[in-house]
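Undergrad: The following block contains the structure, expressed as structure tokens.
The values are calculated or read from the model by the stated rules, or taken from the named source; none is laboratory data. Because the structure is a prediction, the values reported are computed rather than measured. Positions of Cβ are backbone-derived with ideal geometry, glycine not excepted, and every protein chain shown enters the neighbour counts. Just the protein is used for accessible areas: all its heavy atoms, side chains included, with ligands, DNA and RNA removed. Shrake-Rupley method; radii C 1.70, N 1.55, O 1.52, S 1.80 Å.
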Amino acid sequence: MQSRVYRLANKVKCPFCGVEFIPSIKSSAGGEAEVACPNGHAFTIMLNDFVLDCEIRDWERFSLLPQSTQQAVLEVIQSGKVPPDLQTLMRRLKEAGVVVCT
């Protein structure tokens, strides 16, 4: 069985040396993942605040959402961060296949 490695869509900053990088995630548990910066410092990040590389897959159903919701989803995808008030919406859009993340 092949192991999958996911890359976050946005950078994180190492709390030890301050270097910014896009981490690779091999596994996660409880919404947390351990990552290591290019300098080898290991630390834990909360995945609830991040999205993976996502895109709109079903534009027809996406267009049925209110304009303000469409804009909020596009901003989340562009920024790579999911505010707490949009986490449920993003989860539902992914479950419905409207948004696909790799």
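Undergrad: Would you mind working out the magnitude of the charge dipole of region 54-101 relative to its Cα centre, with +1 at each Lys and Arg C-beta and -1 at each Asp and Glu C-beta, to the nearest 20 Debye? Please list the in-between numbers first.
TA: Numbers: 6 positive and 6 negative charges, 25 e Å.
So the dipole magnitude of region 54-101 works out to roughly 120 debye.
Undergrad: Ok, one more. Ordering Leu86, Leu74 by accessible area with a probe of 1.4 Å, largest first, what comes out?
TA: So the residues, ranked largest to smallest area, are Leu74, Leu86.
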